[in-house]
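What follows is calculated from the coordinates using simple rules that are stated; it is not laboratory data. Just so we're clear, the structure is a prediction, and the values are computed from it rather than from any experiment. Methodologically, a virtual Cβ is constructed for each residue, glycine included, from the backbone with ideal geometry; neighbour enumeration extends over all protein chains shown.
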Amino acid sequence: MRLPCEVEVRNCHLPTLGLKSRGKGVRAVVSLCQPPGRNELQPGSSTEPGGRACLLVSTMKDKQGTRYKLKENIEQFFTKFVDEGKATVRLKEPPVDICLSKANPGNLKTFLSAMRLAHRGCDVNTPLSTLKPLKTSEFEKYKVKMVITSKKDYPLRKNFPYYLEHLQASYCGLTQVDMRILCLKNLTTLHLSHNCIKKLPDTIGDLIHLQELNLNDNQLEAFSVTLCKSTLQKSLKSLDLSKNKIKALPVQFCQFRELTNLNLNDNELIHLPFKIGQLTNLRFLSAARNKLRNLPCNFKMLSLEYLDLFGNTFEKPEVLPIIKLQVPLTLLESCSQALLSYRIPYGPDIIPYHLCQDLDTAKTCVCGRFCLQSFIQGTTMLDLHSVAHTVVIVDNMGRPEAPIISYFCSLTCFVNSSNMLN
């Protein structure tokens with residue numbers, strides 16, 4: 001039984017001597033092994049099932065590994081952060097703490113359970129490894145980082161190491177995402193920049209630990225709604241879609257609530273996602289050199305550290321507002337406003353799909369009310385410093401301003417806010 005992780009072995013006597021440990025683990029493979037007994041080479045010999053199981057810690061520098069006795073030799077387990085892949089095992093002899101980190105949480109729990117059984121002298125109920133030194137090829141299976149920057153180095157005949165957490169495959173001429181990559185369930189960082197990828201498979205959303213996705217300089221034309229509704233909602237923090245051919249992002253894109261860094265430079269965007277203000281954790285936003293004409297009303301809800309909108313074709317605010325008021329309100333409009341105001345759940349399994357789309361794109365009045373088909377639309381200039389600490393100038397005039405659309409649910413709201421309009 002083997003567990004790839006990072007290991008640090010600390011001497012428990014160091015604090016009493018006024019010394020500190022190095023505080024940094026090394027990549028290793030820890031194994032539960034059955035050492036050979038004196039009579040095991042003789043026919044018919046037998047051993048105690050789990051009582052003689054030992055712990056073997058092997059690293060690239062020490063492939064022979066260091067062996068630790070387990071039976072009645074574990075003083076304490078520290079498992080407070082086991083769900084984060086961290087745990088510490090304190091041994092009696094030698095008096096050391098074996099600190100495990102960056103392990104698969106599920107595998108770590110199984111490994112610790114087996115160690116407890118070995119400590120009690122019970123059968124660990126799992127195949128034990130041999131004490132043979134690990135080969136370099138076996139360590140390759142447990143690699144956590146791989147960087148490929150040329151087509152000739154791209155693996156064609158062998159799989160990627162299953163435990164990869166960071167994978168970069170740039171300048172490899174990929175026209176689609178390799179399906180073998182989608183089997184790497186431990187990935188936290190995936191860089192596929194400088195390729196020729198035209199479409200993303202929805203199954204990228206199955207990479208539940210993915211935090212950083214870089215697709216810079218490809219040929220993407222769209223970002224699917226299915227991806228926006230995947231488990232990436234809870235994990236993705238950095239997304240680079242720069243230098244592609246994307247013309248629009250779906251409304252559902254704003255469900256990436258954990259996103260902190262978004263790069264949309266050098267695309268063909270005509271507008272930003274309608275509810276971009278829902279990206280409450282977003283801190284860095286770049287959408288330079290697109291075809292943006294104005295900003296959505298929701299944009300002013302952002303709180304950014306850095307904003308770059310240089311090189312867009314922003315239009316001047318229209319003098320006259322667009323009036324689409326309906327008096328009295330239709331029954332559909334009234335029901336929709338009530339549904340959104342009271343936050344009543346809805347979906348295509350409850351109401352028609354086209355109504356779901358209307359509700360997803362509902363406008364928000366400056367007073368906080370919702371409006372779908374009945375509204376007044378006006379355009380104002382937004383000082384971008386009100387939403388970002390650092391702003392790249394929007395045009396050659398050096399003005400940190402951009403037109404933003406505003407909606408009003410009634411003539412009263414429009415009149416009360418008329419001083420905001422040009």
Problem - Straight-distance crosslink candidates among aspartates and glutamates, where the alpha carbon sits under 18 Å from Lys245 and sequence neighbours closer than 8 are dropped - result: Asp217, Glu221, Asp266, Glu268
Completion exercise
For the range 365-382, Karplus-derived ³J(HN,Hα) couplings (6.51, -1.76, 1.60; θ = phi - 60°; whole Hz; x for glycine and proline) come out as 6, 5, 8, x, 6, 9, 8, 10, 9, 10, 6, 10, 10, x, 10, 10, 9, 10
Practice task
Please give the calculated 222 nm ellipticity per residue for the chain, where each DSSP H segment of at least 4 residues contributes -39500 (n - 2.57) and the sum is spread over every residue; nearest 500 deg cm²/dmol?
Solution key: -3500 deg cm²/dmol
Problem - Unit Cα scatterers, Debye sum, the range 142-308: log10 I(q)/I(0) for q = 0.17 Å⁻¹ - result: -1.02
Problem - the range 319-359: chymotrypsin sites (Phe, Trp or Tyr not before Pro) in DSSP loop, at most 10 other beta carbons within 10 Å - result: Tyr342
Problem - Counted charge near Leu285, where neighbours are those whose Cβ lies closer than 11 Å (Asp, Glu -1; Lys, Arg +1) - result: -1
Practice task
List the residues whose amide H sits under 5 Å from the amide H of Ile148, counting only those 5 or more places along or on another chain, with H placed 1.01 Å from N in the peptide plane.
Solution key: Gln168, Ala169, Ser170
Problem - Cross-link pairs beyond the 27 Å C-alpha cut-off, checked among Lys198/Lys291; Lys151/Lys198; Lys199/Lys363; Lys151/Lys243; Lys61/Lys152 - result: Lys199/Lys363; Lys61/Lys152
Problem - Shape of the chain, Cα gyration tensor, a/c cut at 1.5 - result: prolate
Exercise for the section: Above 18 angstrom, tally the Cα pairs of the range 283-356 and express them as a % of all pairs, no decimals. Expected result: 66 percent
Exercise for the section: Rank these for me by crowding, His194, His13, His119, going from fewest to most other beta carbons within 10 Å. Expected result: His13, His194, His119
Handout entry: Protection proxy ranking, peptides 195-204, 152-161, 130-139, average beta carbon neighbours within 10 Å, highest first
Key = 195-204, 130-139, 152-161
Exercise for the section: Pop out the ³J(HN,Hα) list for the range 214-230 in order, Karplus 6.51 cos²θ - 1.76 cosθ + 1.60 with θ = phi - 60°, rounded to Hz; leave Gly and Pro as x. Expected result: 10, 10, 4, 6, 10, 10, 5, 10, 7, 10, 6, 5, 4, 5, 5, 9, 7
Handout entry: Residues whose placed amide H lies under 5 Å from that of Glu258, excluding near-sequence neighbours
Key = none
Completion exercise
Taking placed amide H atoms and a strict 5 Å upper bound, the residues 5 or more places from Ser406 or on another chain that come that close are Gly378, Thr379, Thr380
Exercise for the section: Compute the distance in nm between two label points, each set 7 Å from the Cα along the Cα-to-Cβ direction, one at Asp202 and one at Leu320. Expected result: 4.5 nm
Fill in the blank from the handout: Projecting the Cα atoms of Ile350, Pro317, Thr280 onto the charge dipole of the range 276-357, where Lys and Arg contribute +1 and Asp and Glu -1 at Cβ, the residue farthest towards the positive end is Pro317
Completion exercise
Expressed as a whole-number percentage, the relative contact order of the chain with C-alpha contacts under 8 angstrom and at least six residues apart is 8 percent
Handout entry: Positive-end residue of Leu164, Asn298, Leu262, charge dipole of the range 142-308 with Cβ unit charges
Key = Leu164
